[in-house]
Amino acid sequence: MGKLIVFNHKMSLLYDDLYSYIERVNNIDTDNDIIICPSNIYLEAFVNNSLYPIGAQNLHFALDNKHTGEVSTDQLKSLGVLYSLIGHYDRVREFNENVNIVNEKLIAALDANIVPILCFGEDVTDDYRNVIPSLLDGYLKGVMNIEFIIFAYEPVYAVGTGILPNTDKISEVTKFIRKYLMDKYGKRATLIYGGSVDSSNIQEIISSCDVDGALIGDISSNSTEVIRIIDSLK
Ligand code: PGA
């Protein structure tokens, strides 16, 4: 069965490289489900030219259109953006997105039929058995339909650092998350892993960690690395 591979470009990709990236990635032959989350300034170009569904990296939960520099769910929907990262660690760390804000964004996305890719994970000194349930309880407050959410487990020390936990550790935590969500919601969650994934490790992570796919950061804005990543899954 195909895996779900999410590309989060962050601030990468310059305009000069935009259309060659879209074309090279369009030409990949794969059974996997790819979602591309480019920078907001390229959303329209991707929606109109990419063969893959497109996600935003962030959204605003408000409906009143009065938030300079932000993008609303209505705007994303009007463009045909189908997914959005929610609660990414870059935003938690740099913009102090707390549990309530992430919860509001998650609900706004669900209300707009935008599939949230909900990022969460523990830091290196945390006990995941405490931190993950508490994060998930806060993020999912008032939400019952978890089948519309893609859960992205990202231990925060692995995001953008090149520090990959070993697969036994990833596996231990993903089992815990699956059981936690199954016990609470009675549904099998879609769960992917993110944090320092690249073409050298994606195959091992996906085959040994009971995940449905992977989330890959700014190296995914390099089409040559994207081709290697997808080739390594064959
Ligand atoms: P990384 O980022 O692949 O650079 O660690 C992961 C992410 O964007 O969530």
Note on segment 141-183: residues assigned to a loop (DSSP other than H, G, I, E, B), within 16 Å of the chain's Cα centre (by Cα) and of a type in the set (A, V, I, L, M) are Ile149, Val159
Confirm whether Gly80 is surrounded by fewer than 19 Cβ atoms within 10 Å (Cβ to Cβ) and either touching a helix residue (DSSP H, G or I) at 6+ places or on another chain (Cβ under 7 Å) or on the phi > 0 side of the Ramachandran plot (or both). yes
Could you grab me the full set of residues in segment 50-67 that are surrounded by fewer than 17 Cβ atoms within 10 Å (Cβ to Cβ) and hydrophobic (A, V, I, L, M, F, W, C)? Leu51, Ala62, Leu63
Determine the pairs where a residue that is in a loop (DSSP other than H, G, I, E, B), located within segment 79-102, has a partner that is of a type in the set (S, T, N, Q) and crowded, with 18+ Cβ neighbours inside 10 Å with Cβ atoms under 7 Å apart, the partner being 6 or more residues away or on another chain. His88/Gln57
The correct count of residues that are within 15 Å of the ligand (Cβ to nearest atom) and polar (S, T, N, Q) in segment 185-214 is 4
Identify, please: which residue in segment 1-26 is loosely packed, with under 11 Cβ neighbours inside 10 Å and more than 15 Å from Leu43 (Cβ to Cβ) and is, among those, nearest to the ligand (Cβ to nearest atom)? Leu14
Do we have any residue at all in segment 184-203 that's assigned to a helix (DSSP H, G or I), in contact with a Gly (Cβ under 9 Å, 6 or more places away or on another chain) and more than 29 Å from Leu18 (Cβ to Cβ)? no
Is it true that Ala158 is under 16 Å from Arg93 (Cα atoms), surrounded by 14 or more Cβ atoms within 10 Å (Cβ to Cβ) and out of contact with any Asp or Glu (no Cβ under 8 Å at 6 or more places or on another chain)? yes
Do the conditions hold for Tyr19, that is, is it over 18 Å from the mean Cα position of the chain (by Cα), over 20 Å from Pro116 (Cβ atoms), outside any strand (DSSP E or B) and modelled with pLDDT of 95 or more? yes
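Residue-wise test of (1) within 16 Å of the ligand (Cβ to nearest atom); (2) surrounded by fewer than 17 Cβ atoms within 10 Å (Cβ to Cβ); (3) not hydrophobic (A, V, I, L, M, F, W, C).
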site	(1), (2), (3)
Ile107	no, no, no
Gly121	yes, no, yes
Asp127	no, yes, yes
Asn130	no, yes, yes
Tyr139	yes, no, yes
Met144	no, yes, no
Glu147	no, yes, yes
Ala152	yes, no, no
Pro165	yes, no, yes
For Ser171: the one exception among (1) at pLDDT 95 or above; (2) surrounded by fewer than 14 Cβ atoms within 10 Å (Cβ to Cβ); (3) hydroxyl-bearing (Ser, Thr, Tyr); (4) more than 16 Å from the ligand (Cβ to nearest atom): (2)
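The values are calculated or read from the model by the stated rules, or taken from the named source; none is laboratory data. Bear in mind that the values here come from a model prediction, so they are computed numbers and not experimental data. Neighbour counts run over all protein chains shown; Cβ positions are idealised from the backbone, glycine included.
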